[in-house]
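Okay, so here's the structure we're looking at.
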Amino acid sequence: MDVDGVRHPGNAPGETRAATEEPDTRGECGECDAFMDTGRQPLWQEEPAARPRMADPVRTAAVRAVIIVAITLIQAMVAFLCTLAGSWFAFPAVLSTVASTVVATWGVLDVWVTRQVWVQRNGVQSQPSSTARELRRERRRARRQERRASREGSSGVDRAAA
């Protein structure tokens, strides 16, 4: 046992170590294994993504839109500061900011349109999240079977004789 009350491998029975000395229990990466086995929860746990990854065309359009919007915001800030300073560059900066705002609006709409087109062409792969859909399917199947049975039962009667 050590001073801290923990038996460290490599210590002979009865051998005492100073509390400031580190134990000789190093892991592969040089970390102390004694600190790894504390029984505490990790700081974070990996969880599966809540939503599936965006489709490639939609992601491309979103990245393009973010870049365009960022450039537009920088242009707007430059135009504002040039206007405050009374610089000659203020007027061209304001004009380019207005044009960039139109382009940025188009970029954001492009993301929305691209997403709608992708969903329309490729469909959404949905999985039933509730048992209600399965119950409705079972009821529909039962109704169909009843209709089939009633048709088969009534078709066995000779209508000409009746």
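What follows draws every value from the coordinates through simple rules; no lab data is involved. Because the structure is a prediction, the values reported are computed rather than measured. Heads up, the Cβs are rebuilt from the backbone with ideal geometry, glycines too, and the neighbour counts pull from every protein chain shown.
Listed values, structure above:
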| read-out | value |
| --- | --- |
| Protection proxy ranking of 113-119, 50-56 - average other beta-carbon atoms within 10 Å, highest first | 113-119, 50-56 |
| Burial ranking of peptide ranges 77-84, 104-111 (average Cβ count within 10 Å, highest at the top) | 104-111, 77-84 |
| Neighbour net charge for Arg147 - beta-carbon separation under 12 angstrom, K R +1, D E -1 | +4 |
